Amino acid sequence: MAKRIFVKNFSVDKCGYHLLVPPCLYGMTNAEKILFGPRYADVFLGERFFVYQGVYNLGGYFLAKELRSLIDKTINLIHTHPKKINAVHKKTYEINSAYLSFAKETLRKDLGKLTNKELGKIFLELLGWQEKAHQHALITTWFVDSDGEDLSRALIEKAKDLVKRSGSDINFADAFSILTTLPEESLGMKEEKESLKVLRRIKADARSKKSILTMKDFSHIPDTVKSDVRRAIEKHFEKWRWMPFGYLGPAYEIDHYLKNWSHLLKQKFDIEKELSRLQGWQNKVKKEQKTIVQKLRINKKDQMFFEIAADIVFLKGYRKECVFFGSYVLDRVLTEISRRLFVSLNQLHTMTHREIWEALSGKRDPDMIEINARAKFSVMHYKKGKFRILTGDQARSFFEKQNIKEVMVDTKSKELRGTCACSGQARGKVVIVNTPEEIPKMSRGNIMVAHTTFPSLVPAMKLASAIVTEDGGITCHAAIVSRELGTPCVTGIKMALQVLQDGMKVEVNADEGIVRIVQK
């Protein structure tokens with residue numbers, strides 16, 4: 001009998017049961033049906049388990065053979081049936097757009113005036129949209145590049161081959177980066193443009209500018225700020241504060257924006273130049289893509305391969321932005337439910353959607369012994385249609401018995417290899433930034449190193465001369481943002497945080513996916 005070897009595929013810093021029970025229970029199965037058809041349900045990911053400690057997901061595990069089969073089948077489908085992929089992606093955009101609309105509508109509701117039944121219905125509907133949005137394109141935007149960056153490597157090899165065959169002087173890494181970038185504005189880019197326009201209004205009014213420049217307490221807008229400028233600040237704050245929310249928050253407070261604008265004013269930041277760059281970004285990418293297609297004489301089939309890859313990169317970011325906004329709104333709903341059930345938010349986050357509904361509708365009181373046990377250690381396990389949640393000794397015993405593939409780390413290595421996410425080279429001092437609290441360590445020109453990146457780390461990413469992450473593939477957040485910034489980026493270096501340390505000097509050759517330690 002073949003050995004059942006599991007691989008750790010993901011972990012999430014903070015994530016409630018409401019988000020991961022549905023994928024473990026039926027979301028993965030539905031994702032397979034959506035992409036490959038009904039008869040493929042549970043063919044690939046027939047068994048999985050997710051490990052939890054309170055609200056921290058310590059890992060999602062899949063059988064190595066099943067995961068490899070899924071990835072190989074998906075890449076083959078991209079090559080052989082691109083229209084099928086495009087149809088799934090088109091539907092994914094529609095679902096996420098509807099999810100966003102429903103979440104915005106929910107945000108406008110006075111939840112305190114709703115009955116328990118009405119509140120429960122909104123909770124289930126919002127969660128239902130979240131599940132639909134998560135299931136569609138989950139395989140193409142996550143799994144396909146999640147275990148060895150197969151898609152990224154295939155695209156890099158294709159770019160190398162095209163450059164070689166054409167005899168062009170185009171850098172293959174530049175070709176790869178540009179061809180896998182969709183010339184569409186992300187919500188993050190839209191927020192940045194609107195933020196700069198608010199900064200322009202602050203700068204144009206002498207009194208408001210002085211007020212922001214001389215601030216010492218950033219917890220509120222100074223009374224001396226002109227009324228129309230104040231309204232613009234408040235409007236921007238309310239519209240965009242959800243961006244770093246993740247799955248359980250927190251959102252930005254007003255101090256984030258006031259500090260950023262004050263800092264930019266002190267640096268005499270060129271607002272018009274940056275706005276011009278952002279506004280011209282789409283046309284610039286389109287022009288560069290057209291030039292590369294012509295110079296490399298790329299045929300229609302290969303063009304389609306790169307176009308699908310670019311769509312995957314953009315769609316991954318868009319799906320995440322939608323779920324972050326949805327989670328921000330869901331947090332409002334859960335806060336009201338928590339108040340009514342006399343259960344803390346952390347306890348509510350370790351309850352399943354069904355348990356929350358039953359408690360809210362009065363059908364069954366929360367099992368506090370079970371909920372508190374989950375906060376210590378728990379395992380969600382699915383195998384061929386059967387789902388269970390294990391806690392305590394039973395959960396630990398189950399986890400310890402599993403055969404999990406180890407990631408070998410050579411901590412003495414002076415050369416680390418990953419995957420090119422955005423081309424370019426840089427040399428500088430390593431600064432490790434995994435949390436927003438570590439951003440002040442960054443100075444312009446540093447090499448930013450992180451396990452993974454997310455929206456609240458973007459201010460640090462803007463200062464970096466290169467970005468290095470353990471999280472990998474062209475669909476990861478670092479890859480997406482580095483393209484928008486034009487910053488060299490290497491992803492998928494699994495040992496980065498165990499080898500690289502603050503203060504080390506390194507050379508980053510993103511074209512080849514290499515980070516070399518120059519001085520320890």
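The values are calculated or read from the model by the stated rules, or taken from the named source; none is laboratory data. Values in this document were obtained by computation on a predicted structure and should not be read as measured data. As a convention, Cβ positions derive from the backbone with ideal geometry for all residues, glycine included, and neighbour counts pool all protein chains shown. Side chains are part of the model used for accessible areas, which takes the heavy atoms of the whole protein and leaves out ligands, DNA and RNA. Shrake-Rupley method; radii C 1.70, N 1.55, O 1.52, S 1.80 Å.
What the table below lists for this structure:
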{"quantity": "Separation of alpha-carbon centers, the range 382-405 and the range 32-62, rounded to whole Å", "calculated": "13 Å"}
{"quantity": "Between the range 217-265 and the range 444-468, the Cα center-to-center distance that results, in Å", "calculated": "22 Å"}
{"quantity": "Entry for Cα Rg over 2.2 N^0.38 Å (calculated from the structure that is shown) out of (i) 1.00; (ii) 1.46; (iii) 1.18", "calculated": "(i)"}
{"quantity": "Cα-based shape type of the range 103-202, given that a ≥ b ≥ c are square roots of the gyration tensor eigenvalues and the cut on a/c is 1.5", "calculated": "oblate"}
{"quantity": "Exposure of HIS451 as accessible area (Å², to 10), given a probe of 1.4 Å and all protein chains", "calculated": "80 Å²"}
{"quantity": "Distance between the range 473-497 and the range 292-369 - C-alpha centres, whole angstrom", "calculated": "22 Å"}
{"quantity": "Reach of LYS268 by Cα under 19 Å, taken over aspartates and glutamates that are not fewer than 8 positions away in the same chain", "calculated": "GLU192, GLU194, ASP205"}
{"quantity": "Listed residue (THR106, THR487, LEU248) projecting farthest to the positive dipole end of the chain, Cβ model", "calculated": "THR487"}
{"quantity": "Residues of the range 386-461: accessible area per residue with a 1.4 Å probe, Å²", "calculated": "57 Å²"}
{"quantity": "Cβ crowding within 10 Å averaged over residues, with 299-308, 504-513, 183-192 ranked highest first", "calculated": "504-513, 183-192, 299-308"}
{"quantity": "Solvent exposure, largest accessible area first (probe 1.4 Å, DNA, RNA and ligands not counted), of PHE50, PHE387, PHE10", "calculated": "PHE387, PHE10, PHE50"}
{"quantity": "Beta bridges per DSSP with both ends in the chain, % antiparallel, nearest 5", "calculated": "80 percent"}
{"quantity": "Normalised per residue, the volume of the convex hull around the Cα set of the range 30-90 (Å³)", "calculated": "103 Å³"}
{"quantity": "Given LYS158/LYS300; LYS113/LYS320; LYS84/LYS383, the pairs whose alpha carbons are separated by over 19 Å", "calculated": "LYS113/LYS320; LYS84/LYS383"}
{"quantity": "Only Lys, Arg (+1) and Asp, Glu (-1) charged, at Cβ; the chain dipole about Cα centre in debye", "calculated": "700 debye"}
{"quantity": "Accessible-area order (highest first, 1.4 angstrom probe) of the listed residues ASP42, ASP410", "calculated": "ASP410, ASP42"}
{"quantity": "Two-site FRET efficiency, LYS259 against LYS121, from Cβ-Cβ distance with R₀ of 45 Å, rounded to 0.05", "calculated": "0.65"}
{"quantity": "Accessible area of the range 156-310 divided out per residue, in Å², using a probe of 1.4 angstrom", "calculated": "54 Å²"}
{"quantity": "Subset of LYS33/LYS160; LYS259/LYS441; LYS190/LYS216; LYS14/LYS405 violating a 27 Å alpha-carbon distance limit", "calculated": "LYS33/LYS160; LYS190/LYS216"}
{"quantity": "Label-point separation in nm, LYS505 to ARG444, each point 7 Å along Cα→Cβ", "calculated": "2.1 nm"}
{"quantity": "Reachable aspartates and glutamates, given that their alpha-carbon falls under 19 Å from the alpha-carbon of LYS412 and they are not under 8 places away in the same chain", "calculated": "GLU470, ASP502, GLU507"}
{"quantity": "Global geometry of the range 57-113, whether rounded, prolate or oblate, following the gyration tensor of its Cα atoms and the 1.5 cut on a/c", "calculated": "oblate"}
{"quantity": "Filtered GluC sites (Glu not before Pro), the range 356-430: DSSP coil and at most 12 other beta carbons within 10 Å", "calculated": "GLU406"}
{"quantity": "Of THR291, LEU315, THR335, farthest towards positive along the dipole that unit charges on Lys, Arg, Asp, Glu beta carbons give the range 262-365", "calculated": "THR291"}
{"quantity": "Integer Hz, Karplus 6.51/-1.76/1.60 couplings in order for the range 422-433, x for Gly and Pro", "calculated": "8, 5, x, 10, 7, 9, x, 8, 6, 10, 8, 10"}
{"quantity": "Isolated Cys residues of the chain, judged by Cβ distance under 4.7 Å to other cysteines", "calculated": "CYS15, CYS24, CYS322, CYS420, CYS476"}
{"quantity": "Additional length obtainable on full extension of the chain from VAL43 to LYS412, 0.36 nm per residue less Cα span", "calculated": "128.8 nm"}
{"quantity": "Share of carbon and sulfur in the accessible heavy-atom surface of the chain [1.4 Å probe, %]", "calculated": "51 percent"}
{"quantity": "Per-selection Rg to Rh, the range 84-129 - Cα, Kirkwood hydrodynamic radius", "calculated": "1.16"}
{"quantity": "About the Cα centre, charge dipole magnitude for the range 25-110 (Lys/Arg +1, Asp/Glu -1 at Cβ), debye", "calculated": "300 debye"}
{"quantity": "Simple Cβ-charge dipole of the range 91-147, Lys/Arg +1 and Asp/Glu -1, about Cα centre, in debye nearest 20", "calculated": "380 debye"}
